[in-house]
Amino acid sequence: MSVAEARLESIKSGAISAGIVSLVAVAAMIGATLSDLPLPLPDSLLGWLVNVAVAMASGFFFGVTYRYIVRQDDNLHLGGGAVGAFALVRSLAQLEAAWDDTFALLSWLLITGESFLWFVTARYTLDWCLRKRWLKPPD
């Protein structure tokens, strides 16, 4: 595979992952809005757009990275480790950003669960695309 082809496959992987993570993020925000869960939700259209943009960027970087992590290896721990690493980094960053005297454990646990949902969904979507040969693994 040429360098240009490898870059195109990385961009495709990132775009697929960004799209899936964005859909999951919007669904989670809508679900949180309709529920009584103690989640920090944006209070303006700009806030929603920023949240979706962050989801897209996170999904893109996950997709590009995941494609290189799994390569042609069937080791389930590699994929799970990638999901865990991305989800924990996101949720710990949220914890750090929100840390003050009003910190709520339940809120952070819900954010952590949402993070795992984002990246697990992206992982299985990318695995499916690789099996269908819509994406090519790196050489």
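Overview of values
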{"read-out": "Vicinal HN-Hα couplings computed from phi for region 57-63 (Karplus, 6.51 cos²θ - 1.76 cosθ + 1.60; Hz; Gly/Pro x)", "value": "5, 4, x, 4, 5, 5, x"}
{"read-out": "Sites matching trypsin sites (Lys or Arg not before Pro) across region 36-139 that sit in DSSP coil, with at most 14 neighbouring C-beta atoms within 10 Å", "value": "ARG71, LYS132, ARG133"}
{"read-out": "Positive-end extreme of charge dipole, region 3-131 - chosen from PHE60, ALA27, TRP48 (charges on Cβ)", "value": "PHE60"}
{"read-out": "At R0 = 35 Å, FRET efficiency that the Cβ-Cβ distance of LEU76 and VAL50 yields, to 0.05", "value": "0.55"}
{"read-out": "Calculated from backbone phi, Karplus (6.51, -1.76, 1.60) coupling profile of region 74-84 in Hz, x at Gly/Pro", "value": "9, 6, 5, 5, 5, x, x, x, 5, 4, x"}
{"read-out": "Within-15-Å neighbourhood charge of THR33 [Cβ basis; K, R +1; D, E -1]", "value": "-3"}
{"read-out": "Cα centre as origin, Lys/Arg/Asp/Glu Cβ charges: the chain dipole, Debye", "value": "740"}
{"read-out": "Distribution of pairwise C-alpha distances over the chain, 5 Å bins, in %", "value": "2, 10, 19, 21, 18, 12, 8, 6, 3, 1, 0"}
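Only the coordinates and a few stated rules stand behind these numbers; no lab work does. Keep in mind that what you see is a predicted model, and the values were worked out from it rather than measured. Using ideal geometry, Cβ is built from the backbone for each residue, glycine included, and neighbour counts are taken over all protein chains shown.
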